[in-house]
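In what follows, a single structure is set out as structure tokens and then discussed.
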Amino acid sequence: MTTGVNLALKAYGLGWKAALPLLKLNSRLKEGWEQRTLTGGMPAQADIWMQAASGGEAYLAWEVLKNLTSPFKETLRVLATTNTLQGYQTLTRAAEEINGLKAGLAVQPWYFPFDDPAIMHRMVAHVRPKLALILETEIWPGFLSACKNAGTHILLANGRMTTKSLAGYLSWPGLFKALRPDSIMAMSEVDGRRFSTLFGSDNIHIMPNIKFDRMGAAGPGARKDNPLRDLIPQGETFVVFGSVRKEEEPEIRQLAAGLMRAKPDTILGLFPRHMHHIELWRKSLNQAGLNTLLRSHINGPVKPGTVILWDAFGELVPAYGLSKAAYVGGSLAPLGGQNFLEPLTCGVTPVTGPHWKNFAWVGREIIDSGLAIEASDWSDALDSLIKIIDSKADRRGVASRAKQYIKTRRGGAKAVCKQVADFFNKD
């Protein structure tokens, strides 16, 4: 690497050393602190280091692991890392499944170390991965420089890059060009062009989004199999606001209040995207005069007219499975939206706001075909939700159309695994 890049990495490392004492005060980072700082030991050596930033990417990693096979006679060792508690819990479940059922693969979950170059160089020197597989956009200078120095091949898969992220990386173009992944698999032509702007066009390919693979087997399940069946009485109108964000709080408050005025016997489930904002949402709903209950305080059937503030992980998809209608958050403010394929595959026509550019990979056809509804503002979203509630929707028909839409766009996990196999077989 050039002198300029080495100086940049040195300055970057000094910044991390100054930040670590402050990071230790962060309650969310205390979980896994010894793994993040390598003060509690090291993971086992691995052939592949797979990095999945948080919960969503961890599910993508799980999908890749399901399709991965060892190119060796011996076991293929995978170190799967993540930055968050939710991601770690997901990777732990994935490892339990893969290690228990799939011969030839050994998966170890671990927290992604802090990106201080000194920490990362120690980690890479110990783990000695032949391949670093990065899911989506995890461009960490310390990690990439350590892999480059160790001769580890770097594959970035299911890659996405926003215009905001690109502008940030372009503020230090020499550094990131020096740390360029060896191969990039972008999830869309637009993302591919943005990666080309930053890194150049060599070895950039377009792949199907792995999120379509994850949705492939979904469908409306039987009520008797739904873990929330005793919470929502059969026959009651249940509406879900999924993955709502604090930046859209004023609009969500008006949407929730308007829905409960128009349909006072509705049960509304509000799922914050970030659990640490529960108190903000509690105050907001109380300010709107709504009857709220925390999910953690509910043991039996919920009465109509109640808003459930969901303070439990992992229950959004089962909730969609019982819902009559759903608004998918992060889309009434310019935040890019959240995943509206989840309610759709459960047989529910999702309503999204106008800001869903982070899910442009789904395709505009999903709106044009009527599989999903794009609302211009909270009032339009309210009208759409009411129409859906009043309609006699065919859940299985909606799910069947959604499944066909997804089926034609699957294959991302297999494409990544082929790249991995090609790398190991090239020798």
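Values for this structure:
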| item | result |
| --- | --- |
| Residue count for segment 11-25, restricted to those that are without any contact (Cβ under 8 Å) to a residue 24 or more places away in the chain and closer than 27 Å to Lys177 by Cα | 5 |
| Subset of segment 18-33 that is loosely packed, with under 12 Cβ neighbours inside 10 Å and more than 25 Å from the chain's Cα centre (by Cα) - its residue that is nearest to Gln86 (Cα to Cα) | Leu25 |
| Number of the condition not met by Ser284 [criteria: (1) among the small types (Gly, Ala, Ser); (2) in a strand (DSSP E or B); (3) over 22 Å from Pro350 (Cα atoms)] | (2) |
| When residues of segment 24-56 are limited to those that are modelled with pLDDT under 95 and in a helix (DSSP H, G or I), the one farthest from Ser145 (Cα to Cα) | Ser27 |
| Residue within segment 373-383 that is in a loop (DSSP other than H, G, I, E, B), of a type outside the set (Lys, Arg), farther than 18 Å from Val240 by Cα and in contact (Cβ under 8 Å) with a residue 60 or more places away in the chain present | no |
| Any hit, segment 114-127, residues being in a helix (DSSP H, G or I), surrounded by fewer than 22 Cβ atoms within 10 Å (Cβ to Cβ) and modelled with pLDDT under 95 | no |
| Ile119 vs. criteria within 21 Å of the chain's Cα centre (by Cα) and in contact (Cβ under 8 Å) with a residue 12 or more places away in the chain | no |
| Scan of segment 141-162 for residues that are under 19 Å from the mean Cα position of the chain (by Cα) and either surrounded by fewer than 18 Cβ atoms within 10 Å (Cβ to Cβ) or assigned to a helix (DSSP H, G or I) (or both), ordered by number | Thr162 |
| Helices (runs of 4 or more DSSP H) completely within segment 306-369 that count 3 or more residues being under 19 Å from the mean Cα position of the chain (by Cα) and within 27 Å of Asn291 (Cα to Cα) | 316-322 |
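Every residue, every condition in (1) in a loop (DSSP other than H, G, I, E, B); (2) within 25 Å of Asn358 (Cβ to Cβ); (3) assigned by TED's automatic domain parsing to the domain that holds Ser400, yes or no:
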site	(1), (2), (3)
Ser201	yes, yes, no
Leu228	yes, no, yes
Leu231	yes, no, yes
Gln234	yes, no, yes
Val239	no, yes, yes
Gln254	no, yes, yes
Asp265	yes, no, yes
Phe271	no, yes, yes
His277	no, yes, yes
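The values are calculated or read from the model by the stated rules, or taken from the named source; none is laboratory data. Everything quoted here is computed from the prediction, not taken from an experiment. Positions of Cβ are backbone-derived with ideal geometry, glycine not excepted, and every protein chain shown enters the neighbour counts.
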